[in-house]
Every structure is written in C-alpha cells, then in structure tokens.
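Engineer: Here you go, one structure.
Readers should treat all values here as calculations from the given coordinates under stated rules, not as data from a laboratory. Please read all numbers here as calculations on a predicted model, not as lab measurements. Glycine gets a Cβ as well: all are built from the backbone with ideal geometry, and neighbour counts include every protein chain shown.
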Amino acid sequence: MQQTESEMPAKDQALASSPPPAGPCAMVIFGGTGDLAGRKLFPALYNMVKSKLLSQDFAIVGVGRNDYTHEQYRQVMKEKLQSFATSAVDPALRDWLIKRVYYLAGDFSDPQLYLRLKQTLVEIAQKDHNLEGNYFFYLATSPAFFGTIVDQLGASGLAKEVNGQWRRVVFEKPFGNDLQSAKELNCQVSKVLAERQIFRIDHYLGKETVQNILVFRFSNGIFEPIWNRRYIDHIQITVAETVGVEKRGGYFDMAGTLRDMVPNHLFQLVSLTTMEPPISFNPGSVHDEQSKILHAIQPFRDEDVLHYAIRGQYDAGLVKGERVPAYRAEEGVPPDSKTETFVALKLMIDNWRWAGVPIYLRTGKSLAERRTEIAVQFKRAPLVLFRNTPVSSLDANQLIIHISPDEGISLRFGAKIPGAQMKVGAVKMSFNYLDYFGATANTGYEVLLYDGIMGDQTLYQRADMVEAGWAVVDPILDVWKALSPRNFPNYKAGSWGPEEATNVMARDGRSWREIKE
Ligand code: BG6
C-alpha cells in the first residue's frame, strides 16, 4: 500500500517531492569570471545537476573581461568548483556541467559583444544543445553596468521574446543605492523588459529557513491568532557576522552596512515575519502583502534618526580568538573612513496588527558570533499567582526562528524547577532542520536559479518592494551623510557592537537576546 505524504517520515517526504527538471535554456552570466560566479553560481549549478534540476539542453555562457578561451574558462570554473562546492564533487556530474560551459570576452558597453553573444548562442543551439531560444541572463556584475547591459540586450534584440521563447534577466543586489537611483534603474530597465522578465534577487529568499517563515506562520493554526500586538511585546532581528569586509573593502566602503544589508536582507525578514496572510502563493499576492508591510513602516523623521538609528564601525579586536584589524586598516578602506559596519534600528509598523510593537534590528561585521535569527518576544504573564512564593519575576516567552548557522525554531517557556519550593526556570523546546530532514548542503542560490528558469518570481523582488525598502532607509542615509560620525571606531571587533545599540533597547526597558555559541 502506498503511504500518503503526511504518513511518511519527514526525510523521505523531502526526497519524494523533488521537482521536475527545468526546461531547455542558456544561462548567460555577465561577470562570469567574478567572485559570485565562482563562489556561488557554479556550486549552485553543480548542486542542481546533482538534484537533476537542469535540462539536458542547458548551456552556460560566461561573459567577462578576461581573455579566456572556452577551454581556459572551463578549467578555471572546474577549479572554483573544487574549492567552493558545498559537498564532495562527483567527477561525472562535474564534467556533465563543465562540458556545457562556453566563454566570451568583451566590454559590456560594446555592441559587438552582444552580436557575438547572439551568434554564439545560435551556434551552441545548432551544434550541441537545443536551447529553444530561451535565455536566462544573470547580471553578476557591479550594479554600475546594469543599465548598460540591459540597454545593449534590448538594442541587439536579445531581450525580445518571440515565438514562445523566453528571455529573463536576473539583477544581483544592490538594486540602486538609494530611492532615487532605484527608481531610475527600474525606469531604465522597464524600457527594455516587461516586469515578468525582471528578476531582482535577494539571496536571503533562497534560504530554506527564510522560506519556512511563511510556512510556519500560515500552515499552522496555533501561532497566527497570537501573532499580533495583543500578545507580542516586540520582535528583535539579529544578523551578526564574524567576518569583516574581507577583500571587498572597495565596494563596502562606498555602500556601508545600512545599504548592504538593511533594505534587502533585513527587510525580507521583517516583511515575512509581519506581513498579512496572502490570498494565495501566487507571486503577485505574496508581493502585495510584503510591499504593504514595507509601506507601513513609520517613516523616520530627522530626530528619529538620532534616537532610533545607531551606526558603528569596528576597531581592532579579537574575533573568536583571532586578531582582527580595525575597519580603517582593512585593504581598500581609507584610513579616515566614516562608513558604518554596524547598524541597529528601531522600527514601528503602522497597521492594526502591529501598532505599538517595536521591531528592533541589528546587523554588523566583526561581531562576537555569526548568527541570524528572529526572536519574537511575547508579553509576560501576570505575576499574581506567584505573589506569595519565592518567584519574584517571570521570564517572557520567546519564539526564535534560527536562520543560520543553526536552522530551526525554538520556544522558550517557564517550567517548575523540581523541588519543595516553587521556583520557575526557563526551558526550551526545539525543532532542528538537521534532525528531521538531514543535511542539505546548498548555497541558497539553487532554488532561486531554478525558479528563475521556470519563470516563478515569488522569491524575487518586485519593483515597488525594492523602492519601498529604499524609501525607509533614505532619510537615515541623508541624516548620516549630513552628520559625520564623531566617535568612529566605536566598537571592538569581537564585541556585540556599540553601546548605543544596547541603549536603544534599554531606554524601552528591553534588552537584546544574549546569543552564545
Ligand atoms: C551579502 C552582503 O549580500 O550578504 C555581505 O553583501 C554579507 O556583506 C552577506 O556578508 C551575508 O550573507 P549570508 O548568507 O552569509 O548571511
């Protein structure tokens, strides 16, 4: 007798539900020799080969400035795969992928490059793989090239969908560097592409644990009734990194943590945690609700920025026992840099569900631990019952959604400590992905690439979502630009950030969750 899905062990359900391979297409990677292609895209494609998610008629064309032949590029990517694959590389699967790889050298603003690309794609389709004229362009370049590349794709006819062929373009983050530039970019690309062809990526949406926020909230009857201002005291979201800026000093010093992390990654976590239930899982319905919640974030006035937006920059220190230089001493960073490497914010959401419930965010580099989590803190129970006992205070219940490196959900509640006296201690009930579903080594890009090739935009961002994110942080960027930070560097590498971040919660009688290894 066949088991129904709900009777099967969780691990078997995961295996039984593999989706079908995507259809024929060529993936063209602009920035094919760059960091992202080697570290994430190729390892993700390899994992997709392993999970049988790619068509036999699939090809990759790397486009970059280095003067490689097809064979040299294949060799480079083979080596990258060896270094960055998320599990041991099976030579047969690797070769399956590598033999579908091609390379074109050129300048992204040169129209000739696009004519050669067109020709190459036709040749691949004639000789090796029937790509059916479907092209998946991935812009893994500096955002400075986005507009140019899209214009050229338009001018060369490569972006045009005819006879049932599809053409889609993925934009890496950051999409713009403030509200104005994001609007301009949206406007520029919409002259060439329809919204259904535009895929604005945020790799946080590729994380299983992030996608699970929606499933957790909306597939369970017991949480949603208490998911509101009547029961929740506040929400705190931490995205803490132990790494500094590594080799990205040049980019990072122009961006800073606010631009690099907040309107994108952190706001994805905010919107999925606080949005209303969508009417369906259609991309449009999910995006509508995400967009609505971002629009409901109370705008920062200048004086709010001074009180509720904290910035920091790390000084030299010890991270996990390793000596780390000050941010200003990192490669590519000016010695008097005013760029922030830490941000804490207090947000308020102006709608019925969340009125009066603060959302605290903190994110930074060179912090004490690597940890991404969402902690939902519930209101305390009244102490009345325990008034004449040794119990002098009650802890609040906390529901923690662990995003990384731990993946799971835990609930903290009070329990009686065994013994003659009435004492209450905090205990934890935990669900851990690993225990139920086994290890799923992946880069987070697999599902996003698969969805992109399938044309599913649910896990990508719509134009208005990107703009709504920038609209929240724009006033902060303006005030920070006008008022140079006077106390940088203001936290030691290996700490939890500047004292002002502690104060922002302490002023409200709250504190950041203590995160230990
Ligand atoms: C990137 C940022 O988008 O996300 C990096 O540019 C950051 O600065 C990274 O380190 C964090 O991603 P993850 O998946 O490691 O949390």
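Engineer: Relative contact order for the chain: what is it in percent, counting Cα pairs under 8 Å that are at least 6 residues apart?
Structural biologist: Working: 908 pairs, mean separation 89.4, N = 517.
Once divided by the residue count of the chain, the mean separation gives 17 percent.
Engineer: If we sort 43-49, 411-417, 465-471 on the protection proxy, mean other Cβ atoms within 10 Å, highest first, what's the order?
Structural biologist: Those peptides, ordered most packed to least, come out 465-471, 43-49, 411-417.
Engineer: Let me ask another. Which of the pairs K183/K292; K247/K365; K173/K320; K365/K428; K40/K183 have their Cα atoms more than 20 Å apart in this structure?
Structural biologist: Distance filter (> 20 Å) returns K173/K320; K365/K428; K40/K183.
Engineer: Suppose we keep just the DSSP beta bridges with both residues in the chain; what percent of those would be antiparallel, to 5?
Structural biologist: Taking every DSSP beta bridge within the chain, about 55 percent pair in antiparallel fashion.
Engineer: Now, a different point. Placing +1 at every Lys and Arg Cβ and -1 at every Asp and Glu Cβ, with all other atoms neutral, what dipole size does the chain have around its Cα centre, in debye to the nearest 20?
Structural biologist: 920 debye
Engineer: Kirkwood-based Rg over Rh for the chain (C-alpha set), two decimals? Present the calculation step by step, with values, prior to reporting the outcome.
Structural biologist: Numbers: Rg = 24.5 Å, Rh = 24.9 Å.
Computed over Cα atoms, the ratio is 0.98.
Engineer: Apply the a/c threshold of 1.5 to the C-alpha gyration tensor of the range 353-509 and tell me whether it is rounded, prolate or oblate.
Structural biologist: It is oblate, given that a/c is not under 1.5 and a/b is not larger than b/c.
Engineer: Which of the peptides 472-485, 442-455 is most tightly packed, and how do the rest follow, judged by the mean count of other Cβ atoms within 10 Å per residue?
Structural biologist: Working: 472-485: 15.8, 442-455: 20.8.
Top to bottom by mean Cβ count within 10 Å: 442-455, 472-485.
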